[in-house]
Every structure is written in C-alpha cells, then in structure tokens.
Amino acid sequence: MWLTVYYGIGMWGNNSTIGWGFGIINFVFWIGIGHAGTLISAILYLFRQKWRTAIARFAEAMTIFAVMTAGLFPIFHTGRPWLAGYLIPYPNQNAIWVNFNSPLLWDVFAVSTYFTISLVFWGIGLVPDIAAMRERTKSGIKKFFYKIGSLGWSNSNRNWQHYERAYLILAGLSTPLVLSVHSIVSFDFAVSVLPGWHTTIFPPYFVAGAIFSGFGMVATVLILLRKAFHVEHIITIDHLEKMCKILLATGTMVGYAYGMELFIAWYSGNQFEQFAFINRIFGPYMWAYWIMIACNVGFPQLFWFKKVRRSIPIMLVIVILVNVGMWFERFVIIVTSLHRDFLPSSWAMFYPTLVDFGLLLGSFGFFFTFLLLFLRVLPAVSIAELKAVTPHAQPTIHLNGHDGPGKSDALPVEDIHIKSE
Amino acid sequence: MIKKLKELYIKADNEMGIDPRSDEVYAVAGLFDTPNEIIIAADKVSSSAYKDFDVHTPYPVHGLDDAMKLKPTKLGYFSFLFGLIGTISALVMIGWMSGIDYTSIVGGKPFFTIPPAIPITFELTVLFSGLVTVGVMMFLFNKLPWTNNPLMDTEYMKRVSSDKFGVIIKASDEKFNKEEAINYLKSLGSKDVSVIDKFKLREGNTRAPIFEKKFISALAATAIIAALGTYVTLNWLLFQDPFNFMWEQQKVTPQQPSEFFSDGFSVRTPPEGTVMRGFIPYEYKGLPDSMVKFLSNPLPVTQTVLDKGKTRYDTYCSPCHGYYGDGDSRLRGQFPNPPTIHSEKVRNWVDGNIYHVITNGQNVMPSYASQITREDRRAIVHYIRVLQRAKNATDEDLGITGKDTTGTQKNTQDTTTQNQPDTTK
C-alpha cells in the first residue's frame, strides 16, 4: 500500500490498454459483498421475513466493513489519495465544481450515502442491545462506553413507538438505496461505449450479482461464526438453508444475465459486440470466464437438493467458490473487455504485480479485522429483534374488540441474549 | 498507567450518576411476566387517573401503543419533509454548479438536464430523509441521550431489558402517592413492585454532568485541536509533492549538451534530403532561368496576399534590397549591394523567374527556400510587382485613382538606379 501511495499506481499491473485492473475489480467485489446486509435488514424486513433477525445484525455490520474496504480502492486508484476530498463538491480554491454528468461522481454520492445510511441503520439497531448489555455490566471502562453508546435507552414503549416507525421508514428508504448503489456502480461501465460494457442489462445484472456475492460472504462467515461461538441454536441450519435458496435464486439470475449478454451480442448483429464475447469465452482469458461460469452458475445449482442445502461442509465449499466466482466475474468484465478493444494495435494482456495481490490480500485483512473487532465487543445477533419474533413473544389479545383466546398461556420469553465475552 | 486510567473512567462513570441514590422517589415500578399481562395492565393504567406513566418491554410489543392510548407518531412527516428538501437542494445544487456557476461542455450535452442529475438527487433525498428520521426519533421525540436516567442500573431495568415487562408510575404525576401507587400496581397483578429513587447529583450541582464547564471546555478544546490538526495536516499534504519523477524526465531540452552523441550536440542535423513539414521541394532547383520563364504565379492577388507579401518582403528581402527594392541595403556596405529590382530586365521577367531567384538564389544571394514557404514566396512576388508598378507609375496609373494629376513631378529616381551594372547574370 505504501508503494502505491508513494510511487503511484504505476506499481500496479495496469497498463494503457487495461486502465482498470485489480483496483476496480476489488472495489466492485467489496461493494457487492456489502449489499447483503442492507438487503437482509431492509428488504426482508419489508417482506416480513422473520428469519432475517438472526442474521441481520451480523450482515449489516458486514455491509459497513465491506463498503469501507471497497471505498479504499477508488481512492487509491486516483493515484493521490490525499486529494480525494476534491471528489466532494465544496467551494475549493480552484473555484471549480465536480462534473455532475459523470457516473464516477454518482458513485461517490451513492457509496457515501449507502455507507452513512447503513451505519445509521446498524447504529439504531444496536442502541437497545447496548442498553441491555449496559444493565449486565459492572462498573468500569466497558460500562462507561456502553452507557454512552446506549444513550440512556430505557426500553420505554413511548420510545419503542417512534423507534419502530423510524426503523420502518429507514427500511423503506434503504430498499431503493440498496438497489441503486450497484446500479450506479454498473453505470461506470454501461455508460461507456466499450463492447462488453455498453449493455442495458448491467444494472439488474449487477444488483443480482451483488446480492449473490453478499449472501455468499455472509454464509461463509456465518458458518464459521456459529461453530466458533456455539450459537447453532440461534443461527440454525434452517437459516442457512434459506440463505442457500437465495443463493440458488440469485445465482440462476446471474446465469440468466450471462446468457442474455451472449444472446444480445448475437442478436444485435454488432460485430464488435460479438467479437468481445467470443473473445471472452474462447480468448486468452477463457480460463477466467469458465471459472466464473462454474462457480457462479454451476455449483450453486447443487442447492436444488435439500441434502446439499443442509450439509454444512458442502455448503461451506460452495459458498467459498461463490466468492471466488464473483471476484472472477468482475475480473472477466473489466479485464477481458479492455484487453482487446477496437484497435488491434493496442491489444495487450494484463499482468498483475505483487503489489496488486498484496492489496487484494490486505483488503481481506482490513475487512476481517473490523469484523472480528465487532464480534468481540458488540452483539452479533440483534437481541431485541430476535426476542420480538420468538414464539409467544407477541400478545394474543387485541383490545379493539377482537379479543383472542382470552387468558394467554404464553410462556416466558427465553433469555437468549449473547454476552460479549 | 492503565490502573489510573481505569480509575478515571470509574470516576467519570460515577459522575454520570450511579451511587448513591438520593431519597427522592422517581417512580414506582411493577413487573409482569407475559405480553398479554402487560397489554391488560397498560390498558388499565392508561384508563386510570395516572397520566405520567410508562411501559417498558425488552422489545416492541404489538398492540401496546393502543393499550397505552398513544397518539400515532408524527415521524413520517419529518421524513417526507426532509426528503423533499433533499431533492430540491440536490437539484438546486447541481443546477447552480453545473448550469450557472461553472459551465463546461461535457460530450456536447446541455449544461443542466434532469436525467444525469437523477442518481445524485435520489441519493441526497435518501440521505437527508434517513438522517433526519433517525435524528428526530432519537433526539427530538425520545429526548435522548439521557445519561442519568434513574431507571439505569436497577433490578427493574435489568428485568425489562431481558425477559419481563414493566409499568412505572412516575412521581411527577399529580395524583402520585407512593403507597397508593404500590398498592395499585399490586392490584393489577404485578408480582414484583419496587420503588426507584433518583440519582443523587453532586452537591451544589443541579446541571446534568454533560453541561458542566469542565466537560464543555474539554470538549471544545478537543474539537479545536482536532480541527486545527486536520486543517494543518490536510494543507500540508495538499502542498507536498509526493513524487517528482514526472517533471524530472530524461529528455533533451534545447541548448542542452548531450553525452550520448560524439559531437556533444543534443540537437541533431536532419539527414540529407529531409523535407520540412509544409515545404515542398522546388522542381526547378539549380536549373537556369530559361527553364522558368513561362511559369506564372498561381496565387490570386488580394489585399490579404499583398499584406502578407509586404510583411515577408520587409522581413526577408528588405535588409539587402531596401524597403522599396532600390538595392539600397541597410547593411551599409558590409555586404555587396544587390541591383535594383526596378530595372527593365527584372520588370520584364515573368513571375516565375522572380520566384525562381528567391527559391534558388542568384550570385551572392542564397536560396530562401528553407526560410520562406512556397505560398509566402509567391506573395512576395506579387508585392514586388506592386513596388515596380508604384516606382514606374505613369500618368494613366494616377488616373485610375481619380486624383488630379497636374503638378505632380515625374519620379526620376529610377534613372539613377538603372545606371548600375546589371549583375543578375
């Protein structure tokens, strides 16, 4: 990283033909991973999918850390990361404003808004849980921070009333937001005129891919997490099975998008477009293309079988392959489209350098450092939300004349909070 | 060090108000076991004389709002309003910045149109609305943060943040009486009724600790130091040159010696036969004049061409030939004076011949082909014709101008120059 900052991005494998290399691949990859969290917390919330509560908090945290990781790459790719502030339209000493017609600027707004809203969403979810932890901590440093973090939350229903509405509004706002972010990322490509990029299918294709890769990463980490923290009774095999179903659905959508790209290349009759795709499938980067097809479309098809969906080891292997496949998808889109463009004299191959691989590895390190810190100090499962969807947690009587079965035989709610230590 | 820090934290923690409690009662609290019980209890309390009560649950219990007879939250209005403000401010911002203040043509598109503004407008709408929703919910409606909330660190709070449901009747209620309230909660079916006291604030201090002078000044100092630090660092970074390989390149600049070439010059002489861009080799180079006496001047005579010819003539020809072509060199004899161009011989030359002399050189006059472009040479030829005509003007020529010709003296200068020996051959 230091080499990149000091010597510039000449340390990367990018050349004048392939101007976007690992930097943008990693950016799109991590942004994609960041999509699962808000999807789970916002869209599944609106659909009243109650199983989401067990994994929502964790996925939201993952979103935030993945977006943080992703945000590093475009900033490094500018070559002078300390001047990244110029991306924000503020009255600077050059008296110029940013170009509002550029998809790259839309990215700045989309990613920063997404990060802020995700952080707020995650933050308000944490407040009641931190309050619960505050009550269980003895005096000390930890208590001090929990006290600050919980803002003095007291579980009052007068607060819950506004809280629930705020949560609903945020979910409503985040739903189009989560779809918009990867659409705007796809505009970076689709708005250009390069064969292989200039397609209208990109926004939905990218969003499906993002959800796919996000769920892949959530599942990968959750499988390890539930084993390590012994929370198999909270994050159950049923939860994982449902995630496998979503992986199957989105993986098939991505497969459809791959097929549709090929169909349009043929149907358009545009020879440049056709060449781009033939080159993608049979050209020098055919290995990357077939890794992508196998990992994203092929292996997830095994999830049609219930036995596979409920087998942890097989699932772990497949979801890791999904992560690999989605990384290669971005590699295929960026590198194979660029390496042979209109002018055969400028055709070139892409050779990543050690610095490229170092940054890729480092991005995983960055991400997992934050993730593990989060698991250490904050509740990884939303305590209050999970309680609210436990059986018998909601009253069976209704006061407006439609009484339920009278006196309830409801059981006391099981105390299932997770302690941080 | 760590021990000291820990003590400091504990002290700060205590100052937010934990121990000991004051004698002043904050509320009477009762615990219930199931959601159904709390719904019934909340319904009864809200119908009773007590107005200042609250219900605490570990998670939002549906139906409790109705039971407590709470008005629906007005949060949605704030979200909508600020979403709208976000939309408008985004459009105004983009419109003003890219449409008015800093217009630059991008891809031949109009300066401001709606479609490319949609993504940013949408993002800002969501951003404004989302942040305001949370801010209003937390700080305006719920009046948080409340760091010395008396309910904190009570057995009651511990239960209601875990698996029990509770009702409190606050001491601030008009009808509040400690014994009555305890009995009332027991009559509702609560199995565990407790009295919660307020925190004791430090002596002589009625403000919340967060508004203390010390704390506020520490906060302000931190803010100022952080802001200054950031400002200075960013400015320092902005004016760093991180790498200067770009402007110290290994390249040859004019007048620079070269170690690479054996003659030490970095500027190379072009190889034999090199043709400069825009210069077309002259076909009759080195051939006798007889070959060119039928060539005409293809350049049309216009005011522009004549002006150009005058400039070029004054620049390249006049040092030797004089401004009017009389052969009166400005070099004051340091170079042999050329003959006049007003001689009968030169006046009878075709345009091609004059052009040939400029291009090819003649006697001591060198070739000007490398200094004057083809077109400029032709313009010079036209200008020479103008000079010749002006110098040897007849009365008829003056008639063209429509001026009175009487009294004009005949120019006799040419007779003196014509006597000079002809050196053109």
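Conditions tested, residue by residue: (1) modelled with pLDDT of 80 or more; (2) out of contact with any His (no Cβ under 8 Å at 6 or more places or on another chain); (3) in a loop (DSSP other than H, G, I, E, B).
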residue: B:Ser367; (1), (2), (3): yes, yes, yes
residue: B:Thr406; (1), (2), (3): no, yes, yes
residue: B:Lys410; (1), (2), (3): no, yes, yes
residue: B:Thr417; (1), (2), (3): no, no, no
residue: B:Thr423; (1), (2), (3): no, yes, yes
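Identification of helices (runs of 4 or more DSSP H) wholly contained in region A:286-332 with 1 or more residues that are among the small types (Gly, Ala, Ser) yields A:286-293, A:312-331.
Filtered by the rule that a residue be facing another protein chain (nearest Cβ under 7 Å) and either acidic (Asp, Glu) or over 18 Å from A:Asp129 (Cβ atoms) (or both), region A:144-191 gives A:Arg158, A:Gln161, A:Glu164, A:Arg165, A:Ile169, A:Leu173, A:Leu177, A:Ser180, A:Ile184. When region A:5-33 is filtered for residues that are within 11 Å of chain B (Cβ to nearest Cβ) and under 27 Å from A:Phe187 (Cβ atoms), only A:Gly8 remains.
Can you confirm whether region A:54-64 contains a residue that is in a helix (DSSP H, G or I) and more than 23 Å from the chain's Cα centre (by Cα)? The answer is no; no qualifying residue exists. For B:Ala49, the stated conditions do not hold, so it cannot be described as under 20 Å from A:Asn159 (Cβ atoms) and among the small types (Gly, Ala, Ser).
Is it the case that some residue within region A:30-51 is within 27 Å of A:Asp341 (Cβ to Cβ), of a type in the set (A, V, I, L, M) and buried (at least 16 other Cβ atoms within 10 Å of the Cβ)? Yes, there is a match, as at least one residue in region A:30-51 is within 27 Å of A:Asp341 (Cβ to Cβ), of a type in the set (A, V, I, L, M) and buried (at least 16 other Cβ atoms within 10 Å of the Cβ).
Checked against (1) more than 7 Å from chain B (Cβ to nearest Cβ); (2) farther than 15 Å from A:Ala42 by Cβ; (3) buried (at least 20 other Cβ atoms within 10 Å of the Cβ), A:Phe100 meets all criteria but (1). Close Cβ contacts (under 7 Å, 6 or more residues apart or on different chains) running from residues in region B:353-381 that are in the same structural domain as B:Asp307 (by TED's automatic domain parsing) and touching a residue at least 60 places away in the same chain (Cβ under 8 Å) to residues that are among the small types (Gly, Ala, Ser) and surrounded by 21 or more Cβ atoms within 10 Å (Cβ to Cβ) comprise B:Ala379/B:Gly309; B:Ile380/B:Gly309. So B:Ser79 clears everything in (1) modelled with pLDDT under 90; (2) within 9 Å of chain A (Cβ to nearest Cβ); (3) surrounded by 15 or more Cβ atoms within 10 Å (Cβ to Cβ) except one condition, right? Which one? It is condition (1) that B:Ser79 fails. Scanning region B:109-149 for residues that are more than 7 Å from chain A (Cβ to nearest Cβ) and in a loop (DSSP other than H, G, I, E, B) returns B:Pro110, B:Phe111, B:Phe112, B:Thr113, B:Ile114, B:Lys143, B:Asn148.
Within region A:115-133, restricting attention to residues that are within 7 Å of chain B (Cβ to nearest Cβ) and not polar (S, T, N, Q), which residue is nearest to the chain's Cα centre (by Cα)?
Only one residue tops the list, namely A:Ile117.
Summed over region A:346-366, the residues that are modelled with pLDDT of 85 or more, part of a helix (DSSP H, G or I) and not β-branched (Val, Ile, Thr) give a count of 12. Of the helices (runs of 4 or more DSSP H) contained entirely in region A:1-42, those carrying at least 1 residues that are closer than 19 Å to A:Phe357 by Cα fall at A:2-7, A:22-33. Total residues in region A:339-371 satisfying the condition of being within 17 Å of the chain's Cα centre (by Cα) and of a type outside the set (S, T, N, Q): the figure is 8. Comparison of A:Ser363, A:Ser337 shows that the only residue that is of a type in the set (Gly, Ala, Ser) and more than 19 Å from A:Met292 (Cβ to Cβ) is A:Ser363. Would you confirm whether or not region B:371-381 contains a residue that is modelled with pLDDT of 75 or more, closer than 12 Å to B:Gly325 by Cα, more than 60 Å from the chain's Cα centre (by Cα) and part of a helix (DSSP H, G or I)? No, region B:371-381 contains no residue that is modelled with pLDDT of 75 or more, closer than 12 Å to B:Gly325 by Cα, more than 60 Å from the chain's Cα centre (by Cα) and part of a helix (DSSP H, G or I).
Can you spot a residue in region A:114-123 that is at pLDDT 90 or above, aliphatic (A, V, I, L, M), surrounded by 22 or more Cβ atoms within 10 Å (Cβ to Cβ) and in a helix (DSSP H, G or I)? Checking region A:114-123: at least one residue is at pLDDT 90 or above, aliphatic (A, V, I, L, M), surrounded by 22 or more Cβ atoms within 10 Å (Cβ to Cβ) and in a helix (DSSP H, G or I). The set of residues from region B:150-163 being more than 7 Å from every other protein chain (Cβ to nearest Cβ) and touching a strand residue (DSSP E or B) at 6+ places or on another chain (Cβ under 6 Å) comprises B:Pro150, B:Thr154, B:Tyr156, B:Arg159.
The residue that is nearest to B:Ile169 (Cα to Cα), counting only those in region B:35-74 that are more than 7 Å from every other protein chain (Cβ to nearest Cβ) and of a type in the set (Asp, Glu), is B:Asp52.
Evaluate region B:212-231: report whether one residue or more is of a type in the set (A, V, I, L, M), out of contact with any Gly (no Cβ under 9 Å at 6 or more places or on another chain) and modelled with pLDDT under 80. No, every residue in region B:212-231 fails to be of a type in the set (A, V, I, L, M), out of contact with any Gly (no Cβ under 9 Å at 6 or more places or on another chain) and modelled with pLDDT under 80. Scanning region A:229-278 for residues being β-branched (Val, Ile, Thr), closer than 26 Å to A:Ala61 by Cα, over 18 Å from the mean Cα position of the chain (by Cα) and in a helix (DSSP H, G or I) gives a total of 1. Report yes if A:Ile43 is among the hydrophobic types (A, V, I, L, M, F, W, C) and either over 17 Å from A:Leu170 (Cα atoms) or touching an Asp or Glu at 6+ places or on another chain (Cβ under 8 Å) (or both), otherwise no. Taking the combined requirement at face value, the residue does not satisfy it.
The values are calculated or read from the model by the stated rules, or taken from the named source; none is laboratory data. For clarity, every value in this text was computed on a predicted model and none was experimentally measured. Because the Cβ atoms are built from the backbone with ideal geometry, glycine has one as well, and the counts that use them run over all protein chains shown.
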